[in-house]
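Readers should treat all values here as calculations from the given coordinates under stated rules, not as data from a laboratory. Just so it is clear, the structure is predicted and the values come from calculations on it, not from any experiment. Glycine also receives a Cβ, built like all others from the backbone with ideal geometry; neighbour counts cover every protein chain displayed.
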Amino acid sequence: MQIKRLRLSGFKSFVDAADLRIEPGLTGIVGPNGCGKSNLLEALRWTMGETSARSLRGAGMQDVIFAGTATRPAREFAEVSMLIEDAAATEIEIVRRIERGAGSAYRIDGRDVRAKDVALLFADAATGAHSPALVSQGRISAVISAKPTERRAMLEEAAGIAGLHVRRKDAEQK
Ligand code: ATP
Ligand code: MG
């Protein structure tokens, strides 16, 4: 699976619409402190279904919406669109949107879907909001100081077993 494009609007510091094409190979994001590098990675995780505001460095999920600056008013919504290409070379667009005072809404290829559908889309891939491929700032020290059970969960994710747990839970509810 490959991420081909990321479009952000009103997400954290990305108040103006940003459109990033991600070419195959290595992509580097460079810039001064506070320019939004970590916000970009958080936008990826958020779109893939992250439910923990704290892991997005916010107190509540609404904190991902542009909060305004001295010169610009706050925004009323945040939206991120992620275009991926799956193993069969099919393009899939995932959109997550949050409005002030309302929860998150998800779309896959323009259709309204549940958060669970997005989680299942990524369940088998080494991607998703908790992908071991996304290592946020400070996470390395968290791995080192983790309790054995926490470290086991991290290893399960890295081994791709976590997706099976999602599917098992889904099956048990049916
Ligand atoms: P560093 O090099 O220090 O790691 P960085 O490039 O990773 O920096 P980020 O942490 O992505 O920077 O961006 C931080 C900036 O995003 C801060 O200026 C912060 O005020 C801004 N920011 C975060 N959330 C919001 C929000 N909801 N509204 C407006 N700005 C926000
Ligand atoms: Mg950073």
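What FRET efficiency comes out for the pair A102/V143, r = Cβ-Cβ distance, R0 = 45 Å, nearest 0.05? For R0 = 45 Å, the calculated efficiency reads 0.80. For the stretch 2-172, the C-alpha radius of gyration divided by 2.2 N^0.38 Å, with N the number of residues, is 1.05. Maximal additional length on extending the T90-M1 stretch stands at 31.1 nm, based on 0.36 nm per residue less the C-alpha distance. Per-residue ellipticity at 222 nm, computed for the chain from helices alone with -39500 (n - 2.57) per DSSP H run of at least four residues, works out to -8000 deg cm²/dmol. What FRET efficiency, computed as 1/(1 + (r/R0)^6) with R0 = 22 Å and r the Cβ-Cβ distance, is obtained for R72 and K37, rounded to the nearest 0.05? Efficiency for this residue pair is about 0.60. A Förster distance of 22 Å, applied to the separation of the beta-carbon atoms of R168 and V113, puts the FRET efficiency at 0.60. Simple spin-label estimate for S13 and A53 gives 2.2 nm between the two label positions (7 Å along the Cα-to-Cβ direction from each Cα). Taking only pairs that are 8 or more places apart or on different chains, how many Lys pairs in the chain have Cα atoms under 19 angstrom apart? Taking the chain as the scope, the lysine pair count is 4.
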